[in-house]
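Working notes for the structure below.
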Amino acid sequence: MNPENSKGQYPPSSEYRKSAYFKSFDEYKKVYDESVKDPVAYWVKQADNIDWYSKGWKDAFTWDKTENKFTWFKGGKLNVSYNCLDRHVNAGKKNTAALIFQGEDDSDVKIYTYGGLLRQVKKFANVLKSKGVKKGDRVAIYLPMIPELPISVLACARIGAIHSVMFAGLGTDSVYNRIMDCTPKVVITSDGSFRGGKIIDIKGKVNEVLERENPVKHVITVKRTGTNVAMKYGRDVWWHEEMAEASTVCEPEVMDAEDPLFLLYTSGTTGKPKGLVHTNGGYIVGAYTSFRNVFNYNPGQIYWCTADIGWITGHSYIVYGPLSFGATALMFEGVPNFPDNDRYWQVVEKWEVDIFYTAPTSIRMIRKTGDEHILKHDLTSLKMLGSVGEPIDADVWKWYHRLIGGGRCPIADTWWQTETGSILISPMTGAMDLKPGSAMRPLPGVEPSIYTEEKKPCGPGESGNLYIDKPVPSLARTIWNDHNKYVETYWAAFPGHYLTGDGARKDNDGDIWLLGRVDDVIGVAGHRIGAAEVEAAMITHPAVAEAAAVPVPDDIKGEAIYVYATLKDGYKDSDALKREMINQVRHSMGPWATPKTIQIVSGLPKTRSGKIMRRICRKIAWGSGREELGDVTTLTDPAVVDEMIKGRIT
């Protein structure tokens with residue numbers, strides 16, 4: 001990548017451009033303009049990259065705006081497992097690596113070729129069939145990041161079962177609620193998992209959940225840690241024993257494009273979790289197309305997304321996107337700071353990773369530990385970096401580019417959601433001069449718009465609500481068993497436009513800057529201030545590792561800014577340090593953005609996927625106790641919640 005230019009932008013190198021899918025802005029612009037002129041024709045063309053038994057759709061796209069129901073490729077017949085495995089084997093890639101598993105223990109490694117992975121998927125598909133699972137049945141998967149997880153997912157897709165993966169860190173109530181909502185015949189789990197040098201009990205949680213009334217007939221358990229677990233006769237079986245008897249012959253089920261592929265639940269503050277429904281045809285077209293457009297993968301490269309498959313990023317960019325494209329993907333069981341803070345970089349060096357995709361929260365956490373953990377490793381194999389999960393501020397972007405990317409790797413700052421299924425906004429890194437902190441442009445076929453609260457288009461520099469004007473193929477069709485909730489959440493605010501819930505603005509060049517969740521926009525004396533902007537300003541202070549800004553009620557200004565901040569090693573909390581931070585924000589953003597309160601904490605409440613749970617930060621700042629915070633079992637460290645409550649400043 002070329003050095004920063006006079007406009008503060010980072011153009012790609014001529015060498016990188018040559019290997020990119022979009023090699024110039026003009027090329028991207030031509031394709032994009034044609035795609036929004038006739039989006040159906042564009043997406044039908046993209047569907048040609050998928051193998052179909054039949055393209056039997058009468059209308060590739062239908063949209064009932066009254067009922068808020070839409071379809072893509074309905075009548076088309078395919079199988080997603082076939083598209084991720086069989087077709088690559090048939091094309092001569094039987095011995096090409098599909099998945100590289102790197103366990104927490106550095107010596108724990110498994111490499112699955114496309115042929116080998118297909119064999120395992122067929123066997124486990126037959127195991128599921130032996131338990132009575134058939135097309136349309138649900139299968140709940142509660143596994144850590146081990147190979148049996150993607151094998152389970154693809155086996156479900158092969159026989160037409162609808163998988164519902166639950167992050168292995170969820171608590172028993174969260175698991176129970178999901179099981180009762182999707183009513184699976186089978187739960188797939190493990191005896192335990194390895195995490196940060198500890199053995200975590202998983203089967204015990206499942207046993208506790210299933211002590212209550214439930215629809216589950218069978219539990220298939222992977223022996224991962226070898227710990228003793230209680231197995232219920234007639235219900236529980238071991239994975240390895242079932243697989244030993246299973247046939248390797250299993251033809252893929254023929255699925256309609258609109259048949260559900262999977263459910264993925266998102267947590268709310270209270271009440272029933274939302275099971276978003278993603279379909280076979282539209283989802284795999286979106287996952288394939290976005291992986292190709294964004295990551296510029298070339299044959300022989302190794303691609304690593306650090307997410308957990310329990311979240312949408314892992315679904316789309318560890319399993320379905322890379323495998324449908326025929327790529328080699330690395331999946332990692334461990335954490336970035338065990339056995340030491342250089343673990344990610346040791347893995348990158350060991351496997352000579354080419355493409356690295358992670359969350360801003362992970363980047364900030366790594367930066368906090370010091371550059372020395374990075375500099376001792378050879379990261380010259382890296383050719384591209386990615387960011388996912390929340391806006392990445394310019395200061396962290398530049399550090400990521402300089403330290404991890406060696407000043408040469410372009411960064412794809414991607415925006416998308418569980419609901420969208422695939423990336424919708426991202427720099428085309430071979431075609432654009434990158435702006436640190438900007439997601440820049442929509443992918444072809446995607447039509448985002450930014451509107452005011454009065455539903456008027458925002459002008460350049462004006463912040464507003466981000467909508468998607470037309471449904472893309474990978475957009476979730478509904479919420480399982482609750483279409484009214486789906487309509488109320490995503491379509492009722494501005495009929496005919498999908499509400500993302502995120503704030504955004506466009507600059508004078510037309511590039512998009514994400515501002516975080518709309519409910520994270522803080523209104524101070526008539527000024528609309530993005531929480532992400534305050535956080536970005538905070539992080540420019542040399543002492544600040546991470547920050548989370550939330551609104552609190554203020555009698556005079558309406559709302560004031562309350563900031564939680566973590567410190568880099570070597571700094572200690574003091575009033576003088578907090579005054580420096582406040583002045584930093586004032587200088588960066590203006591006096592209207594001055595934080596009223598800064599609370600120093602040891603950590604922030606974050607999910608395993610790297611997202612800061614701002615609803616928890618906000619509720620604590622408003623005075624809520626632990627019992628009022630809703631589900632906190634997805635947090636990497638629930639103890640930080642008690643610390644935040646105890647140290648709350650009023």
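The values are calculated or read from the model by the stated rules, or taken from the named source; none is laboratory data. Every value quoted in this text rests on a predicted model; they were computed, and no experiment measured them. Cβ atoms come from the backbone with ideal geometry, glycine included; neighbour counts cover every protein chain shown.
Being among the hydrophobic types (A, V, I, L, M, F, W, C), in contact with a Leu (Cβ under 9 Å, 6 or more places away or on another chain) and assigned to a loop (DSSP other than H, G, I, E, B) is the filter; apply it to the stretch 416-455 and report the residue that is farthest from Y265 (Cα to Cα).
Step one: of the stretch 416-455, the residues among the hydrophobic types (A, V, I, L, M, F, W, C) are 416, 423-425, 428, 431-432, 434, 439-440, 443, 446, 450.
Cutting the leftovers down to in contact with a Leu (Cβ under 9 Å, 6 or more places away or on another chain) gives us 416, 423-425, 428, 439-440, 443, 446, 450.
Then drop every residue that is not assigned to a loop (DSSP other than H, G, I, E, B), which leaves 416, 423-424, 428, 439, 443, 446.
Working: W416: 16, I423: 18, L424: 20, M428: 30, A439: 26, L443: 25, V446: 24 Å.
If we take residues in the stretch 416-455 being among the hydrophobic types (A, V, I, L, M, F, W, C), in contact with a Leu (Cβ under 9 Å, 6 or more places away or on another chain) and assigned to a loop (DSSP other than H, G, I, E, B), then M428 is farthest from Y265 (Cα to Cα).
From the set of residues in the stretch 131-150 that are more than 13 Å from S164 (Cβ to Cβ) and not in a loop (DSSP other than H, G, I, E, B), which is nearest to the chain's Cα centre (by Cα)? Here the answer is P150.
Each residue in the stretch 72-117 was checked for being surrounded by 22 or more Cβ atoms within 10 Å (Cβ to Cβ), of a type in the set (A, V, I, L, M, F, W, C) and part of a strand (DSSP E or B), and 4 pass. Of the strands (runs of 3 or more DSSP E) that lie entirely inside the stretch 151-245, those containing 3 or more residues that are under 24 Å from the mean Cα position of the chain (by Cα), touching a residue at least 40 places away in the same chain (Cβ under 8 Å) and within 17 Å of R138 (Cβ to Cβ) span 162-165, 186-190. The single condition among (1) more than 17 Å from C617 (Cα to Cα); (2) touching a strand residue (DSSP E or B) at 6+ places or on another chain (Cβ under 8 Å); (3) of a type outside the set (D, E, K, R) that S574 does not meet is (2). Applying a threshold of 8 Å to beta carbon distances and a minimum spacing of six or more residues, or different chains, the list of pairs starting in the stretch 574-589 at a residue that is more than 13 Å from A543 (Cα to Cα) and ending at one that is acidic (D, E) and assigned to a helix (DSSP H, G or I) reads M589/E533.
Condition first: surrounded by fewer than 22 Cβ atoms within 10 Å (Cβ to Cβ) and in contact with a strand residue (DSSP E or B) (Cβ under 8 Å, 6 or more places away or on another chain). Can you find one or more residues in the stretch 407-419 that meet it? Reasoning before the result, please.
Here is the first cut: in the stretch 407-419, the ones surrounded by fewer than 22 Cβ atoms within 10 Å (Cβ to Cβ) are 407-408, 417-418.
Going one step further and asking which of them are in contact with a strand residue (DSSP E or B) (Cβ under 8 Å, 6 or more places away or on another chain), we end up with 417-418.
Checked against the condition, which is being surrounded by fewer than 22 Cβ atoms within 10 Å (Cβ to Cβ) and in contact with a strand residue (DSSP E or B) (Cβ under 8 Å, 6 or more places away or on another chain), the stretch 407-419 yields at least one hit.
This table checks each residue for (1) modelled with pLDDT of 95 or more; (2) within 16 Å of the chain's Cα centre (by Cα).
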position: H278; (1), (2): yes, yes
position: Q301; (1), (2): yes, no
position: G310; (1), (2): no, yes
position: V319; (1), (2): yes, yes
position: T328; (1), (2): yes, no
position: E349; (1), (2): yes, no
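When the stretch 549-564 is limited to residues that are farther than 13 Å from V585 by Cα and among the small types (G, A, S), the one that is surrounded by the fewest Cβ atoms within 10 Å (Cβ to Cβ) turns out to be G558. Taking the stretch 118-134, which residues are out of contact with any helix residue (DSSP H, G or I) (no Cβ under 6 Å at 6 or more places or on another chain) and either among the β-branched types (V, I, T) or over 13 Å from V186 (Cα atoms) (or both)? Within the stretch 118-134, R119, K122, N126, V133 meet the criteria.
So, in the stretch 121-147, how many residues would count as being of a type outside the set (A, V, I, L, M) and either in contact with a Ser or Thr (Cβ under 7 Å, 6 or more places away or on another chain) or crowded, with 24+ Cβ neighbours inside 10 Å (or both)? Spell out the reasoning first.
So the first thing to find is which residues in the stretch 121-147 are of a type outside the set (A, V, I, L, M), and the list is 122-124, 126, 129-132, 134-138, 142, 144, 147.
Narrowing further to those that are either in contact with a Ser or Thr (Cβ under 7 Å, 6 or more places away or on another chain) or crowded, with 24+ Cβ neighbours inside 10 Å (or both): 122-124, 126, 138, 142, 144.
Adding up the residues that qualify gives 7.
Looking only at the stretch 260-271, decide whether some residue is assigned to a helix (DSSP H, G or I) and either charged (D, E, K, R) or touching a residue at least 40 places away in the same chain (Cβ under 8 Å) (or both). No.
Tell me, which residue of the stretch 1-45 that is in a loop (DSSP other than H, G, I, E, B) and of a type in the set (D, E, K, R) is farthest from the chain's Cα centre (by Cα)?
K7
Criterion first (modelled with pLDDT under 95 and acidic (D, E)) does D393 satisfy it? It is true that D393 is modelled with pLDDT under 95 and acidic (D, E). If you check Y303 against the conditions, is it buried (at least 24 other Cβ atoms within 10 Å of the Cβ), in contact with a helix residue (DSSP H, G or I) (Cβ under 9 Å, 6 or more places away or on another chain) and closer than 18 Å to I50 by Cα? For Y303, the condition - buried (at least 24 other Cβ atoms within 10 Å of the Cβ), in contact with a helix residue (DSSP H, G or I) (Cβ under 9 Å, 6 or more places away or on another chain) and closer than 18 Å to I50 by Cα - is not met.
Out of all the residues in the stretch 5-16, is one or more surrounded by 21 or more Cβ atoms within 10 Å (Cβ to Cβ), closer than 19 Å to M440 by Cα and touching a residue at least 12 places away in the same chain (Cβ under 8 Å)? Checked the stretch 5-16: at least one residue is surrounded by 21 or more Cβ atoms within 10 Å (Cβ to Cβ), closer than 19 Å to M440 by Cα and touching a residue at least 12 places away in the same chain (Cβ under 8 Å). Entry remark, the stretch 534-593: residues being under 31 Å from the mean Cα position of the chain (by Cα) and on the phi > 0 side of the Ramachandran plot number 0 in total.
Of the residues K506, K619, which single one is surrounded by 17 or more Cβ atoms within 10 Å (Cβ to Cβ) and within 30 Å of Y28 (Cβ to Cβ)?
Checking each option against the conditions leaves just K506.
Of the strands (runs of 3 or more DSSP E) lying entirely inside the stretch 321-415, none contains at least 1 residues that are in the same structural domain as G197 (by TED's automatic domain parsing) and either touching a residue at least 40 places away in the same chain (Cβ under 8 Å) or within 23 Å of F167 (Cα to Cα) (or both).
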